[in-house]
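Here the structure comes first, spelled out in structure tokens, and everything after it is commentary.
The values are calculated or read from the model by the stated rules, or taken from the named source; none is laboratory data. Bear in mind the structure is a predicted one, so any value in this text is a computation, not a measurement. All Cβ positions, glycine included, derive from the backbone under ideal geometry; neighbour counts span all protein chains shown.
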Amino acid sequence: MKKLKRSGRLVDMTYFLLQHPHELISLTHFSERYQSAKSSISEDLAIIKEIFESEGMGALLTIPGASGGVKFIPTMDEEEAKRLIANLCEKLAVPERILPGGYLYMMDLLGNPRFIQEVGRLFAAVLAGKGINAVVTVATKGIPLAYAVGQYLDVPVSIVRRDLRVTEGSTVSINYVSGSSKRIQTMTLARRSLEIGSRVFIVDDFMKAGGTIRGMMDLLEEFQADVAGIGVLVESRGSEERLVEDYLSLTRISEVNVKEKSIHVEPGNVLEKLRSLKR
């Protein structure tokens, strides 16, 4: 890269940090990239750190020593999180979302890249200190959400499927009981898709009784994985016994009245978790 003026260096350095969350980047890397002294790079990083923190975009950690450097940790302040969740509650409460059987249409939300990216950043902000090195979801609706979280945590995504695929090679399969339908179903995960002993975050778009998530937890035991967290976009409050206890939810649906075409939506528990990080 050709030598840049300081203004250009600041822009490029900010972009680089945003594209490499949770990655330790040495000052030598920036010094060589911009053909500038480390003292100048340190001054630039101090400016970027101030902006990141004042705007609630994230923290810029400095690790001293020969093997040190800087690391960008994406965050989201409480006010921004409140706006995101309020917007989601408003969108979910639209009566036209109700499908036959009381199900809700959500593909417009899951297919909205900007919205899903913000949800991924919120989950990543809560998970920043948990040392997660893999995100796991079940096909198919949870996939966009899983990749958004994985991007902000800078970790790979593994996809659990309900059918065998020859292109995935050797797989591990288990049977599980769906929490809502009480039917026995099968889920599989390719052996090569997840390292043994991984510290995992499970994410899904919707949780009713939690049978699918409980099944993923049982499947991950075969990989000796440590489930460090569970997150859902929407949880449904019903009469069914909850098979999962400790989880993050952005929103909670307490009632879907098909006859009156009304949906009651309220914030989930993720804001409480976000507040607890600041105590």
Problem set entry | Of residues in region 207-224 being in contact with a Leu (Cβ under 7 Å, 6 or more places away or on another chain) and touching a residue at least 40 places away in the same chain (Cβ under 8 Å), the one farthest from Tyr105 (Cα to Cα) | Phe223
For this session: Would you check if Ala124 is closer than 29 Å to Glu222 by Cα, touching a Gly at 6+ places or on another chain (Cβ under 6 Å) and at pLDDT 95 or above?
Result: no
Exercise. Pairs under 8 Å by beta carbon, first residue in contact (Cβ under 8 Å) with a residue 40 or more places away in the chain and assigned by TED's automatic domain parsing to the domain that holds Leu84 in region 254-275, partner assigned to a strand (DSSP E or B) and among the charged types (D, E, K, R), six or more apart or different chains?
Worked result: Ser262/Glu255; Ile263/Glu255; His264/Glu255; Val265/Arg252; Glu266/Arg252; Pro267/Arg252; Gly268/Glu235; Gly268/Arg252
Problem set entry | Qualifying position, being touching a Cys at 6+ places or on another chain (Cβ under 8 Å) and either crowded, with 21+ Cβ neighbours inside 10 Å or on the phi > 0 side of the Ramachandran plot (or both), among Val234, Val270, Val203, Val265 | Val265
Problem set entry | Residue tally, condition closer than 30 Å to Asn269 by Cβ and part of a strand (DSSP E or B), over region 25-83 | 8
Exercise. Does Glu96 qualify as being in contact with a Gly (Cβ under 7 Å, 6 or more places away or on another chain) and closer than 28 Å to Ile263 by Cα?
Worked result: no
Problem set entry | The listed residue being acidic (Asp, Glu), within 23 Å of Thr212 (Cα to Cα), at pLDDT 95 or above and under 18 Å from the mean Cα position of the chain (by Cα), out of Asp226, Asp246 | Asp226
For this session: Can you confirm whether region 158-171 contains a residue that is among the charged types (D, E, K, R), touching a residue at least 60 places away in the same chain (Cβ under 8 Å) and not in a strand (DSSP E or B)?
Result: no
